[in-house]
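Structure record follows, encoded as structure tokens.
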Amino acid sequence: MHISILDVFHPRQSRIHGLDPRVKLLGSLLIILTAVLLPEGAWLSQGILFGLIILLSSASRLGPFFIVRRSFIALPFLLAALPLPFLTPGPPLWSVPGLGWVVTSTGLVRFLTILIRTWIAVQASIVLSATTPASDLMWGLNALRFPRLIVAIIGFMLRYLFILADEALRMVRARASRSPRLAGIKRPGVIWQSRVAGAMVGSLFLRSLERSERVHAAMLSRGYDGEMRILHQPINKSLDWLLLLGMILLLSGIFYLSIWS
Amino acid sequence: MLLSPEPLHIPDGFLTPLLAAIGWLFAAIIISIALRQTRQQLGERQVPLMGILAAFIFAAQAINFPVAAGTSGHLLGGALAAIVMGPWAAALIMTAVVSVQALIFQDGGLLALGWNILNMGVLTAFAGYFSYRAMHKWIGRSTSGRVLAAFAAAWLSMEVGAIAAAIELALSGTSPLRIALPAMASVHALIGVGEGLITSGAVRLLQVSRPDVLDAGDSAPGRLPAAFVASGLFLAILLGAFSPLAANSPDGLEYVARIGGFISLAEVPAFAFLPDYTIPFITHPAVTTILAVTIGTLIVFSVTLIVGRRTARKEV
């Protein structure tokens, strides 16, 4: 098995793919911020925002199935909000037959609001990472004046992420090939298995540590002095900033609509 | 497959904007201290070492083992990173891991990232580090001392992170404290066992093959500021959790009591001797859960201590 960044980034020819990474970063952050700021029960505003996300997703030509499939990542967490319809004080709406739990309208509105908010935020984030290569994202974060050191560390992590993930998966495959599950033979206990997994983690750590020493030596030999220098990529599209301006206007319109009504 | 979502990555929409902003503020302050501390610790090795070890933690999360009923034990890694690299480097490593999970893999929200960094990066690393050091000292400096201390520390680090996440959800009005806290604490008391087993397995291997790495982790600098920051942060979260309790309206409580039948369902009984993970004679479930977790922690630690001392004596 081979892990690749292609799992996340989907290269296509689209208007969204070609946008300035800074515009995409700011744009998706603003969409998420708007989604979170909309008050409870502002269905119209949430609907328009959702429409905007659908529009952006289809403009990015990722295909609806890809986005829906990826969206389920936030789903397990909705369990945490599940008690809300029952536990928020408010006018009773419906009682679960046999159990006597009462669903209140206030609680239901809050639950649905959270559901839609989260869905919009996850979609915005998916469009961002699926249309922007990781290196462009890092460049964008740098250009937006994020602390340079932390961006450098994250960039370094991304560079070695797939090498080390491949190494981890090779170890997992080696373990699987040496410990097949045979009929009639008892499986080893959890403690023993966890000790094996722990030893694998430990040896992966040692390999990573030694790799970092090699990488550091190689960097020193090429004149590294503790400063990460980034070659400036000449991405300069003034039209994209106009697009962002248009989106800011649209988003503030959506926000005012929700307060006003 | 690489991503086994921990029930700890808070997505966007679950925290109020104000709380999310406070989380980012705390996270920014702590990250800047961590950057300065690790620069002193590592010099110009900082960027490559931190970057590659962050990639290691991410990759190590793919190594799992089957537990029961289709679930598997795997690693979050905060405690392990703190044991081998010290508290500040671990906080920085976990910050990078959690940021990449949010930015690239949508595991956790972007606005919620501040609190996710604090819960899974800073709190797990600091709680893991200090409990590991304390246990290691009490048990005595031996191989089994290290291994058992690593287990207890990793277990506690998960519990601390989970409690903090539950309190943040409650403060945002997303999940009532009386349900979120017992549920998160009991689920992560189980997940923490897997974390503890893998972490102690890794420490056992390091003790055998490269004890110098563990010694370097022991003498990592910045202990005092880390202790200061950790206790301040945890105190702030607890204060936040219990400030609304004082102002709880009686009819709200009455209402919750009326549908109280629901609540016993949400609480997974983790310890048979602490029924419903709460102590019966104290009434508020949030308070009792905190007490129960404290007692559970004391039990885990004293059992580890006794077993550790015994085996340590045998080794000598």
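Structure notes:
- Subset of the range B:210-232 [within 12 Å of B:Ile33 (Cβ to Cβ) and surrounded by 18 or more Cβ atoms within 10 Å (Cβ to Cβ)]: B:Gly222, B:Ala226, B:Val229, B:Ala230
- Odd one out for B:Ser157 among (1) in contact (Cβ under 8 Å) with a residue 60 or more places away in the chain; (2) within 14 Å of chain A (Cβ to nearest Cβ); (3) buried (at least 24 other Cβ atoms within 10 Å of the Cβ): (2)
- Of the listed requirements (1) of a type in the set (D, E, K, R); (2) over 30 Å from A:His17 (Cα atoms); (3) in a helix (DSSP H, G or I), A:Glu227 misses just one: (3).
- Pairs, first surrounded by 18 or more Cβ atoms within 10 Å (Cβ to Cβ) in the range A:52-65, second hydroxyl-bearing (Ser, Thr, Tyr), C-beta under 9 Å, six or more apart: A:Leu56/A:Ser28; A:Ser60/A:Ser14; A:Ser60/A:Thr131; A:Leu62/A:Ser14; A:Leu62/A:Thr131
- Pairs with Cβ under 8 Å, 6+ apart, first in the range A:125-151 and within 12 Å of A:Leu26 (Cα to Cα), second buried (at least 17 other Cβ atoms within 10 Å of the Cβ) and aromatic (Phe, Trp, Tyr): none
- Count - residues of the range A:130-165 that are out of contact with any Ser or Thr (no Cβ under 9 Å at 6 or more places or on another chain) and over 23 Å from B:Ala34 (Cα atoms): 7
- Subset of the range A:66-105 [among the hydroxyl-bearing types (Ser, Thr, Tyr) and in contact (Cβ under 8 Å) with a residue 40 or more places away in the chain]: A:Ser71
- Listed by first and then second residue, the pairs linking a residue in the range B:191-217 that is closer than 17 Å to B:His136 by Cα to a residue that is of a type in the set (S, T, N, Q), with Cβ atoms under 7 Å apart and 6 or more places separating them unless they lie on different chains, are B:Leu197/A:Ser194; B:Gly201/A:Ser194; B:Leu205/A:Ser203; B:Gln207/B:Thr143; B:Leu214/B:Gln207.
- Screening the candidates A:Ala59, A:Ala74, A:Ala35 for the property of being modelled with pLDDT under 75 and within 28 Å of A:Phe146 (Cβ to Cβ) yields one hit, A:Ala74.
- Test: residue in the range B:129-145 that is of a type outside the set (Ser, Thr, Tyr) and closer than 27 Å to A:Ile150 by Cα: yes
- Hey, A:Ser58 among the hydroxyl-bearing types (Ser, Thr, Tyr), more than 20 Å from B:Pro17 (Cβ to Cβ) and either within 12 Å of another protein chain (Cβ to nearest Cβ) or not in a helix (DSSP H, G or I) (or both) or not: no
- The residue pairs whose first member lies in the range B:17-46 and is within 11 Å of another protein chain (Cβ to nearest Cβ), whose second member is of a type in the set (D, E, K, R) and part of a helix (DSSP H, G or I), and whose beta carbons are closer than 9 Å, counting only pairs six or more residues apart or on different chains, are B:Leu19/B:Glu168; B:Arg45/A:Glu213; B:Gln46/B:Arg39.
The values are calculated or read from the model by the stated rules, or taken from the named source; none is laboratory data. Bear in mind that the values here come from a model prediction, so they are computed numbers and not experimental data. We place every Cβ from the backbone using ideal geometry, glycine too, and count neighbours over all the protein chains shown.
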